[in-house]
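Single-structure report; data block below.
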Amino acid sequence: MLRPTCYKISKRTLFQSYSGIPRNSYVANKTYPLLIWNNLIPYQLKYLSAFGAGALAFINLHPQIWITLGPPISIAGYYLNRNIKHNLYIQNVNQITNGVEDQVSDYSPSEIVKILPYDESQLYNVQEEIENEYDSLKRQIVDLVGKRLVEHITSNPEAIERNETLSPFIKDSQFTINLFENEFESWVTSKVRVPEDSKDNVVVKRFIKASLPYYNEKSIKSRKRLGVISIYLLKLNEVEWAISLEISPIGWKSKSSWIRGIPSVEYMESELYKKFNKV
């Protein structure tokens, strides 16, 4: 899995670009506080603050208190952290499944996309500047997200006029979908146990939760961050994935619009899949 790393970002570019490595986190930057906390404040400063608070408490508290309360506090903190992470996992997985283990999820063709599996032996990787599976996935995910936005908006023109979340994707009757494959802010890959055919036959499937910002235009110098798109993907077989999109405009409070099945399109294919699936 990808891990956070140190990177620097100025306040001026906070709303214009992202150049760090994706965080291994289920939490997307839907609000200003989350954006500042995750993208502006270096993780060393976060750790240093926690260490300083702990050191200050250690100095001011009597050693006997630490001997008495230290072990139970540490154990409670461990289980609390594990419980929070597990709950986040369940919440995110349930956005694309009806349940983790107890319910069978059936997907209509309108909820399924086709993604070309990565094959390092293929020469087209050089042609497409793809170095690894991550490059292949992010290229196709951004492609599919853009296509699904266009199809959803085209299929619901009247609803879009009343939807403040989706209306920024259209300007002067033209689509303005500005997503960039090198700006994923978070990316988590995990496993999900789901029933297959019957509850007695449980299989393990791959689950991906990723997020990337969207902007009002392409130019880095003048563009403005409008929000973040969270992508939920569940691998069904070698090429088919179930997909759900959560579009969240940036603001002080979190609000979202969802795109799941799109009646006007079935088994949507990425451009890489269309070009090279028969190679």
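Computed extension gain for Thr13 through Asp135, at 0.36 nm per residue and net of the alpha carbon distance, reaches 41.5 nm.
The calculated FRET efficiency for the pair Lys171 and Arg206, based on their C-beta separation and a Förster distance of 30 Å, comes to about 0.25.
Classified by the C-alpha gyration tensor, segment 92-196 has an oblate form. Its axis ratio a/c, with a ≥ b ≥ c, is 1.5 or above, and a/b does not exceed b/c. Using a Förster distance of 30 Å, how high is the FRET efficiency between Lys221 and Glu128, based on the Cβ-Cβ distance and rounded to 0.05? Result of the calculation: an efficiency of 0.60. If R0 is 30 Å, the Cβ-Cβ spacing of Thr189 and Trp252 corresponds to a FRET efficiency of close to 0.45.
The label-point distance for Asp106 and Tyr118, in a model that sets each label 7 Å from Cα toward Cβ, rounds to 3.4 nm.
Throughout, read-outs are computed from the coordinates displayed, never taken from laboratory work. From a predicted model like this one, the values you see are computed outputs, not experimental measurements. So basically every Cβ, Gly included, is an ideal-geometry build from the backbone, and we count neighbours across all protein chains shown.
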